[in-house]
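**Student:** My questions will all concern the structure given below.
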Amino acid sequence: MRKLGSLLFASILMTTVMVVLTACGEKDASETQTSSVVVSSQAETNMANPWVDCKDLEETVEKAGFDLKMPEGTNPVYRVLPEEMIEVIQSQDGKELVYRKTLTDGDNSGDYNDYKYTGVKTISGIEVNLRGDDADKIHVAYFTAFDGTYSIGSSASMTVKEVTKLMEDWIALNTK
């Protein structure tokens with residue numbers, strides 16, 4: 001009888017311990033909801049890169065479906081959003097510049113910073129929009145003419161003189 005009582009007590013004790021451990025291991029509803037949000041957000045950040053890397057300007061233009069002529073630069077990187085945008089990143093005069101062309105109107109630079117200065121300067125007969133820290137520290141210059149919108153961006157500021165020269169050269173290439 002004593003043995004049966006001991007077995008009964010051990011069984012009750014094990015059942016109680018299992019119930020307590022199972023209850024402690026359960027997540028409440030808010031934890032479950034939070035983890036599902038995290039999983040959802042992780043899935044969104046794993047979207048495919050829409051840019052297609054190209055070996056040269058000729059391949060880039062072919063994949064874009066529209067033309068672009070570029071000034072000489074060093075270490076160019078060519079990318080395209082097929083039938084939407086051409087992007088060329090290259091060094092010129094010690095600055096990394098991002099050149100873009102689209103067939104749509106408006107700022108296509110991809111630079112969404114809120115700069116203190118915005119202005120317009122006529123260069124080679126074309127109104128070029130400027131954005132930067134001030135009137136002589138420009139980060140973005142863009143214009144719409146010919147067959148699309150052209151922009152030059154730089155994380156390092158450019159003087160108006162530098163922007164004017166870059167734009168004159170680029171405009172001349174693309175009007176020939």
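We did not get these values from a lab; they are worked out from the coordinates using the rules stated. Bear in mind that the values here come from a model prediction, so they are computed numbers and not experimental data.
**Student:** Send over the semi-axes of the range 127-176's equivalent ellipsoid, whole angstrom and largest first, taken as the square roots of 5 times the C-alpha gyration tensor eigenvalues.
**Tutor:** Numbers: eigenvalues 77, 24, 13 Å².
The equivalent ellipsoid of the range 127-176 has semi-axes of 20, 11, 8 Å.
**Student:** Another question, then. More than 18 angstrom separation, counting every C-alpha pair in the range 71-176; what % is that?
**Tutor:** More than 18 Å apart: 44 percent of the Cα pairs in the range 71-176.
**Student:** Would you mind calculating the relative contact order of the range 118-176 from Cα pairs under 8 angstrom and at least 6 residues apart, reporting the percent as a whole number?
**Tutor:** Answer for the range 118-176 is 26 percent.
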